[in-house]
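Comments concern the structure below.
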Ligand SMILES: [Zn+2]
Ligand SMILES: [Zn+2]
């Protein structure tokens, strides 16, 4: 299994020469396993993948099955969907998953296609075939076993997902994790090879912005230690953080020695991470 | 007066190494008015979010005017992150058209703040907000001597172009606007309005836009497409169309704007090259909008 971030930003895209390394598109992450196309989140980052897929749809007449897991309806987690190029082609089939009721999932995404906000009419009027699924406890997608837990956010249901391959590799994606201890997430992340958590705020910023409900970097790393995760990638970067800011924060966290031997890094857009 | 470009992309913000020279943030323009103690902006794309996050909620000026062209995402997504909105002592006035059938700016502005779609509580937005409905063609006066005129563009719904005049200088923004030829009538109810005499409707629109831009110092114009890849019913224009309007209207400077998200820096530069001589022969300077740039309105 491999992981590729097409978007790493929280809140709003941050295109800039100062964000070249860590990325400037809102959240979208691809799980690469065999030929399956699996995404978590469909922020604007999805459109850079979409450009590549569109090329193959047009030149190679490829028809794609694309599986998208929705963690919540925050704009930055979904806003790329109306612009995700495969959705303009009849040959594409989008499979969209969430533990929410299908009608809620439809409502939450369909607002993006409102014809006052966009040139479109509705999600179910797009050319691609779009199927929604209410996830039960466990699901098999593209050869992977998928499970989820709620992320304990008060303002909107949010979910973290775990993907296990038949040969024992595992990835957990929960970049909208909240600051308070979440036993279910710790359990889901237990011994995960790669754990993706949120890094919007430092602990000081977290204390000043409690109403936002996102964990601090420090809290995310502590959770990873409790779960005995093998490696952590922090994503969901603040839109004002430049590459140099992220490097400085990372150096401080490493120097603090609070996180023992935990292996961690900040997620970079376009980098492919091996899950070992 | 000067215009400052906080976001120059159309459709969506985008980040890719090949296009960061001109910038990846979506539509946001500021009119800098010397001597005024308020701020004047046009649209709220992702460029406005970045400008606002840097400004913070404690700003020198307390009053903010916004000219709203229309409500497509690329012109809207930045508003919730414009930090001056979080200050209860700030005042906002939005000038917006009133669509007949589609959702109003008011509904969509607050819809963006709706529970579940943002991680912060809705009541973070504490500023006093007033939304003023205007009709296409209506003229406004802001603070006695900033004059604003409007013109309905050929784009979905009711989309407005704006022209701002101050101290004898003028700047206009025409985003988004498609060629109207051959029955490509995108405005709300335009198809019915034009059905008896389509050719006259198109001529009136084009003549009206030339009059609207007449002798304007600086015009920022939608050039999302090129003549080669134009999809007319998508609601956008090309450098050639923009150059034609602006030279017919004896405009001083044309700023190519609303770059397609697919456009690399090279593609944007090529757009300028494709029309620079046509412009020159009409006394029109043609440049490309680059995020962060400021241009005088003279
Ligand atoms: Zn636009
Ligand atoms: Zn538009």
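The values are calculated or read from the model by the stated rules, or taken from the named source; none is laboratory data. This one's a predicted model, so the numbers in the text were calculated from it and none came from an experiment. With ideal geometry, Cβ positions are generated from the backbone for all residues, glycine too; neighbour counts draw on all protein chains shown.
Considering (1) within 23 Å of residue B:151 (Cα to Cα); (2) within 18 Å of the chain's Cα centre (by Cα); (3) within 16 Å of ligand 2 (Cβ to nearest atom), the lone condition that residue B:254 does not fulfil carries the number (3). The residue that is farthest from the other protein chains (Cβ to nearest Cβ), among those in the stretch A:1-39 that are in a strand (DSSP E or B) and closer than 16 Å to residue A:93 by Cα, is A:36. Only one entry in B:133, B:124, B:100 is more than 17 Å from residue B:173 (Cα to Cα), touching a strand residue (DSSP E or B) at 6+ places or on another chain (Cβ under 8 Å), surrounded by fewer than 21 Cβ atoms within 10 Å (Cβ to Cβ) and in contact (Cβ under 8 Å) with a residue 24 or more places away in the chain, namely B:133. Please tell me if residue B:118 is within 13 Å of chain A (Cβ to nearest Cβ), surrounded by 18 or more Cβ atoms within 10 Å (Cβ to Cβ) and more than 16 Å from ligand 1 (Cβ to nearest atom). Spelling it out, residue B:118 is indeed within 13 Å of chain A (Cβ to nearest Cβ), surrounded by 18 or more Cβ atoms within 10 Å (Cβ to Cβ) and more than 16 Å from ligand 1 (Cβ to nearest atom). What do you reckon, is residue B:143 within 12 Å of chain A (Cβ to nearest Cβ), out of contact with any strand residue (DSSP E or B) (no Cβ under 6 Å at 6 or more places or on another chain) and surrounded by fewer than 17 Cβ atoms within 10 Å (Cβ to Cβ)? The answer is no for residue B:143.
Table: residues versus (1) closer than 20 Å to residue B:31 by Cα; (2) crowded, with 19+ Cβ neighbours inside 10 Å.
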| residue | (1), (2) |
| --- | --- |
| B:148 | yes, yes |
| B:154 | no, yes |
| B:158 | no, yes |
| B:177 | no, yes |
| B:181 | no, no |
| B:187 | no, yes |
| B:192 | no, no |
| B:200 | no, no |
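Restricting attention to the stretch B:156-176, report how many residues are closer than 20 Å to residue B:103 by Cα and touching a strand residue (DSSP E or B) at 6+ places or on another chain (Cβ under 7 Å). If you could, list the steps in order and put the result at the bottom.
Of the residues in the stretch B:156-176, the ones closer than 20 Å to residue B:103 by Cα are B:156-161, B:175-176.
Going one step further and asking which of them are touching a strand residue (DSSP E or B) at 6+ places or on another chain (Cβ under 7 Å), we end up with B:158-161, B:175-176.
Of the residues in that region, 6 qualify.
Take residue B:126 and decide whether it is assigned to a loop (DSSP other than H, G, I, E, B), at pLDDT 95 or above, within 14 Å of chain A (Cβ to nearest Cβ) and over 30 Å from residue B:225 (Cα atoms).
Numbers: assigned to a loop (DSSP other than H, G, I, E, B): yes; at pLDDT 95 or above: yes; within 14 Å of chain A (Cβ to nearest Cβ): yes; over 30 Å from residue B:225 (Cα atoms): yes.
Spelling it out, residue B:126 is indeed assigned to a loop (DSSP other than H, G, I, E, B), at pLDDT 95 or above, within 14 Å of chain A (Cβ to nearest Cβ) and over 30 Å from residue B:225 (Cα atoms).
Among the numbered conditions (1) within 11 Å of another protein chain (Cβ to nearest Cβ); (2) within 14 Å of the chain's Cα centre (by Cα), the only one that residue B:95 does not meet is (1).
Listed residues B:210, B:173, B:141, B:219; which is without any contact (Cβ under 8 Å) to a residue 40 or more places away in the chain and either within 16 Å of ligand 1 (Cβ to nearest atom) or closer than 20 Å to residue B:286 by Cβ (or both)? If you could, list the steps in order and put the result at the bottom.
Numbers: B:173 fails: without any contact (Cβ under 8 Å) to a residue 40 or more places away in the chain; B:141 fails: either within 16 Å of ligand 1 (Cβ to nearest atom) or closer than 20 Å to residue B:286 by Cβ (or both); B:219 fails: without any contact (Cβ under 8 Å) to a residue 40 or more places away in the chain.
Of the residues listed, the single one that is without any contact (Cβ under 8 Å) to a residue 40 or more places away in the chain and either within 16 Å of ligand 1 (Cβ to nearest atom) or closer than 20 Å to residue B:286 by Cβ (or both) is B:210.
Which fully enclosed strands (runs of 3 or more DSSP E) of the stretch B:1-48 have 3 or more residues being over 23 Å from residue B:236 (Cα atoms), within 14 Å of chain A (Cβ to nearest Cβ) and in contact (Cβ under 8 Å) with a residue 12 or more places away in the chain?
Values: elements: B:2-7, B:28-32, B:38-42.
No strands (runs of 3 or more DSSP E) qualify here.
Scan the stretch B:49-80 for residues that are part of a helix (DSSP H, G or I) and more than 16 Å from ligand 1 (Cβ to nearest atom) and report the count. Show your work before the answer.
Applying the first criterion (part of a helix (DSSP H, G or I)) to the stretch B:49-80 yields B:49-55, B:73-75, B:79-80.
The next check asks that each one be more than 16 Å from ligand 1 (Cβ to nearest atom); those that pass are B:50-55, B:80.
So the answer is 7.
Which residues, counting only those in the stretch B:98-120, are part of a loop (DSSP other than H, G, I, E, B) and farther than 23 Å from residue B:153 by Cβ?
Kept after step one, since they are part of a loop (DSSP other than H, G, I, E, B), are these residues of the stretch B:98-120: B:98-104, B:113-120.
Matches in the stretch B:98-120: B:113, B:114, B:115, B:116, B:117, B:118, B:119, B:120.
The residue list A:184, A:192 contains one member that is surrounded by 24 or more Cβ atoms within 10 Å (Cβ to Cβ), in contact with a strand residue (DSSP E or B) (Cβ under 7 Å, 6 or more places away or on another chain) and at pLDDT 95 or above, which is A:192.
Per-residue answers, yes or no, for (1) within 17 Å of residue A:240 (Cβ to Cβ); (2) under 19 Å from the mean Cα position of the chain (by Cα); (3) buried (at least 24 other Cβ atoms within 10 Å of the Cβ):
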residue: B:38; (1), (2), (3): no, no, no
residue: B:47; (1), (2), (3): yes, yes, yes
residue: B:50; (1), (2), (3): yes, yes, yes
residue: B:54; (1), (2), (3): yes, no, no
residue: B:64; (1), (2), (3): no, yes, no
residue: B:72; (1), (2), (3): no, yes, yes
residue: B:78; (1), (2), (3): yes, yes, yes
residue: B:82; (1), (2), (3): yes, yes, yes
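Just one of the numbered conditions (1) under 24 Å from residue B:122 (Cα atoms); (2) in contact with a strand residue (DSSP E or B) (Cβ under 8 Å, 6 or more places away or on another chain) is not true of residue B:52: (2).
Given the criteria away from chain A (no Cβ under 13 Å), in contact with a helix residue (DSSP H, G or I) (Cβ under 6 Å, 6 or more places away or on another chain), over 18 Å from residue A:112 (Cβ atoms) and free of Cβ contacts under 8 Å to residues at least 60 places away in the same chain, does residue B:90 qualify? It would help to see each step written out before you state the result.
Details: away from chain A (no Cβ under 13 Å): yes; in contact with a helix residue (DSSP H, G or I) (Cβ under 6 Å, 6 or more places away or on another chain): yes; over 18 Å from residue A:112 (Cβ atoms): yes; free of Cβ contacts under 8 Å to residues at least 60 places away in the same chain: yes.
So residue B:90 fits the description; yes.
Among the residues of the stretch B:50-77, those identified as away from ligand 2 (no atom under 16 Å from the Cβ), within 12 Å of chain A (Cβ to nearest Cβ) and farther than 22 Å from residue B:263 by Cα are B:51, B:52, B:53, B:54, B:55, B:56.
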